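A.B. asks: Pasting a structure here, questions to come.
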Amino acid sequence: MTKRFDNRVAFITGGSRGIGKSIAENFAEDGAKIAIIDIDAEALQNVQSEFRDKGFDILALQANVVNSQEVEATMEQVIQEYGSLDILVNNAGIIRDNLLFKMNDNDWDQVIDVHLKGAFNTTRAAQKHMVHQKYGRIINISSTSALGNPGQANYSTVKAGLQGLTKTLARELGKFGITANSVAPGFIETDMTKSTADRMGIPFEDFLKAGASKIPVGRVGKPSDIANAVAFFADEQSSFVNGQVLYVAGGPTN
Ligand code: NAI
């Protein structure tokens with residue numbers, strides 16, 4: 001039986017847990033070979049053995065998206081091993097939330113670096129191969145925070161920035177058979193949202209309940225909700241969908 005992503009290679013940053021892991025798993029279940037990069041060596045080991053046990057083709061490589069040499073080296077390794085690179089998902093992310101008057105230089109710089117420099121590094125490295133093969137799908141993980149969120153001056157800036165990057169990539173690369181789109185999640189239950197609850201001193205269960213009460217579908221999101229949207233953009237048949245931002249938040253965002 002043929003599968004949706006047979007013969008496709010998907011490269012996912014920050015894919016060892018949370019949303020990135022679910023995106024990777026979804027691609028692999030649908031036939032893709034997957035490559036994950038992350039800074040967390042232990043989580044990489046775990047995801048690699050878990051996915052190999054499931055019979056997936058997976059390369060789990062340690063690299064910091066902020067370091068262009070590490071990104072390029074891992075991408076080369078993936079292309080050597082798998083023969084191509086068809087789908088890039090820029091998912092790696094961090095939060096350093098604080099109200100502006102308390103936000104320090106590191107909070108700002110680290111968030112800007114991981115999301116923006118990171119996406120720049122991977123996309124520049126990937127487009128060489130995608131242009132050459134005249135096919136590619138680039139998906140950037142933005143956020144509803146792109147619309148503005150108190151305590152996230154740094155994060156909302158990068159998530160809006162990723163939408164700008166997406167639209168520019170769509171215009172620059174469309175003629176090479178490459179599309180670029182963005183998925184902007186709302187509240188998704190992951191370690192990232194747990195860390196926010198911990199920082200605010202709220203039990204995670206209460207935090208989830210409070211979040212769900214504000215969402216029209218009456219629940220918070222799961223990583224698989226985002227993986228599903230990513231797969232839509234990554235599909236070969238979505239070749240006329242380019243430069244779009246899809247909010248996946250259980251309701252409208254304005
Ligand atoms: P997470 O914190 O569970 O996972 C993020 C992953 O990125 C981790 O495995 C981490 O080690 C990796 N990572 C961090 N810095 C890295 C670097 N410099 N190089 C390589 N890997 C790095 O987060 P989650 O919730 O799965 O988020 C994934 C993406 O979705 C992020 O871009 C986040 O901003 C975005 N997002 C998450 C939402 C949520 O509610 N959880 C909502 C909207 C967007």
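A.B. asks: So which residues in segment 142-182 are assigned to a strand (DSSP E or B) and within 17 Å of residue 98 (Cα to Cα)?
C.D. replies: Our first condition is that a residue be assigned to a strand (DSSP E or B); within segment 142-182, this holds for 152, 178-182.
Matches in segment 142-182: 152 only.
A.B. asks: Report whether or not residue 189 is within 23 Å of residue 27 (Cβ to Cβ), of a type in the set (Asp, Glu) and without any contact (Cβ under 8 Å) to a residue 40 or more places away in the chain.
C.D. replies: Details: within 23 Å of residue 27 (Cβ to Cβ): yes; of a type in the set (Asp, Glu): yes; without any contact (Cβ under 8 Å) to a residue 40 or more places away in the chain: yes.
Yes, satisfied.
A.B. asks: Of these, 233, 240, which one is open to solvent by less than 30 Å² (accessible area, probe 1.4 Å) and assigned by TED's automatic domain parsing to the domain that holds residue 25?
C.D. replies: 233
A.B. asks: Of everything in segment 78-110, what is away from the ligand (no atom under 15 Å from the Cβ) and assigned to a helix (DSSP H, G or I)? Give them in sequence order.
C.D. replies: 79, 80, 81, 82, 100, 101, 102, 105, 108
A.B. asks: Collect the residues in segment 115-141 that are open to solvent by 30 Å² or more (accessible area, probe 1.4 Å) and either outside any helix (DSSP H, G or I) or not basic (Lys, Arg) (or both), keeping them in residue-number order.
C.D. replies: Residues satisfying the conditions are 116, 120, 127, 129, 131, 132, 133, 134, 135.
A.B. asks: Checking residue 22 against (1) within 11 Å of the ligand (Cβ to nearest atom); (2) in contact with a Phe, Trp or Tyr (Cβ under 8 Å, 6 or more places away or on another chain), which single condition isn't satisfied?
C.D. replies: That leaves (2) as the condition not met.
A.B. asks: Any residue at all in segment 39-55 that's within 14 Å of the ligand (Cβ to nearest atom), outside any helix (DSSP H, G or I), acidic (Asp, Glu) and closer than 16 Å to residue 141 by Cα?
C.D. replies: Looking for residues that are within 14 Å of the ligand (Cβ to nearest atom), outside any helix (DSSP H, G or I), acidic (Asp, Glu) and closer than 16 Å to residue 141 by Cα, one finds none in segment 39-55, hence no.
A.B. asks: Okay, moving on. Within segment 55-65, take every residue that is closer than 18 Å to residue 8 by Cα and free of Cβ contacts under 8 Å to residues at least 40 places away in the same chain and give me the one that is surrounded by the fewest Cβ atoms within 10 Å (Cβ to Cβ).
C.D. replies: So, considering only residues that are closer than 18 Å to residue 8 by Cα and free of Cβ contacts under 8 Å to residues at least 40 places away in the same chain, the one surrounded by the fewest Cβ atoms within 10 Å (Cβ to Cβ) is 55.
A.B. asks: Follow-up question, since we're still on this one. One residue is enough: does segment 211-219 have a residue meeting the conditions under 27 Å from residue 12 (Cα atoms) and open to solvent by less than 60 Å² (accessible area, probe 1.4 Å)?
C.D. replies: no
The values are calculated or read from the model by the stated rules, or taken from the named source; none is laboratory data. As the structure is a computational prediction, the values presented were derived from the model and not from experiment. Cβ atoms come from the backbone with ideal geometry, glycine included; neighbour counts cover every protein chain shown. Note: areas computed on protein heavy atoms with side chains; ligands, DNA, RNA excluded. Shrake-Rupley method; radii C 1.70, N 1.55, O 1.52, S 1.80 Å.
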